[in-house]
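So the structure is just underneath, and the comments pick up after that.
Taken together, the values in this text are just the output of simple stated rules run on the coordinates, not laboratory data. No experiment lies behind these values; they were computed from the predicted model shown. Reconstructed Cβ throughout: ideal geometry from the backbone, glycine too, with neighbour counts over all protein chains shown.
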Amino acid sequence: MNTRKKPEWLKIKLPSENNFALVNEVIKNHGLNTICVSGKCPNMGYCWDKGTATLMILGEICTRACKFCAVKTGKPLPPDPNEPQKVAQSVKILNLKHCVLTSVDRDDLIDGGSSHWAETILRIKEVNPTVTIEALIPDFDGNIEFIQKIIDAKPDVISHNLETVRRLTSEIRTKAKYDTSLKVLKLIADSGITAKSGIMLGLGETHQEIIQTMDDLLNIGCKVFTLGQYLQPTLQNVEVKEYIKPAIFEEYHRIGLEKGFKFVESSPLVRSSYRAEKHVL
């Protein structure tokens, strides 16, 4: 594991007790999973303190083992048929105005879990008609039929992360391909739903590669872009190559907006669902 001391700007604010405890209780009582916990997100305290969480459906075991990710990998359990209703009720109990859903990759399922995804979105909307929804989806191997199921469920935003620049994709992501991810995002953008993506910095990418990534996303119609510092979550994950200074993140924020993104979230502790409620166009 990277033993280099983290800089001051990566210190994480501890949560207060009230909303953090409520979210934690609801998640445990309903047997839900969150990427906040599974992904060791540095913003968990910030988001939970505000009564929000990114709910992770289709279990907590992923069929892929990407080198940046802390989520468990292995053979998942069958999907819980009651999960869509449980998630919908949890959103209601938490009184969320904006809900972010994500999932592990389920390459073991015939449709990659896309039907379960669509059912969960529809059930949330049925139980919570005023809630806006962001679906942070896997690539489904670029299968148009599977992605269309989620588009047809009509979440307000569909996000899919490139995670890193083209050159580093094969080193960081086990199965996903850069061009497949762009294909997924183009399908989303062409449907009229807001397309969103993000990358991590500090993996060895260059300035020019980041600029090229912005251009690639804008060329396929992506409207929202997030950039955050990669933090090595476990000994098994790839090491941090560099801690990027806040001023550089600010520069990418400026460049992204000037290039044409509607929203750019760019700072060391940003993750893809950070301030997600602001990204509904």
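Numbers below:
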item: Extension gain, K11 back to T73 (0.36 nm per residue minus Cα-Cα distance, nm); result: 19.5 nm
item: Nearest-0.05 FRET efficiency for N82 and L257, computed from C-beta distance (R0 41 Å); result: 0.45
item: Approximate spin-label separation D111-K175, in nm, with each point projected 7 Å along Cα-to-Cβ; result: 1.8
item: Rounded FRET efficiency, nearest 0.05, which uses the C-beta distance separating T206 from K186 and R0 of 22 Å; result: 0.35
item: Counted charge near A153, where neighbours are those whose Cβ lies closer than 9 Å (Asp, Glu -1; Lys, Arg +1); result: +1
item: Nitroxide proxy distance, nm - points 7 Å out along Cα→Cβ at N143 and R167; result: 3.4
item: Cα-centre dipole for region 127-267 with unit charges at Cβ (Lys and Arg positive, Asp and Glu negative), debye to 20; result: 120
item: Packing-based order for 155-161, 200-206, 189-195, using average beta carbon neighbours within 10 Å, highest first; result: 155-161, 200-206, 189-195
item: Two-site label geometry, K97 and I248: point separation in nm, points 7 Å out along Cα→Cβ; result: 3.5
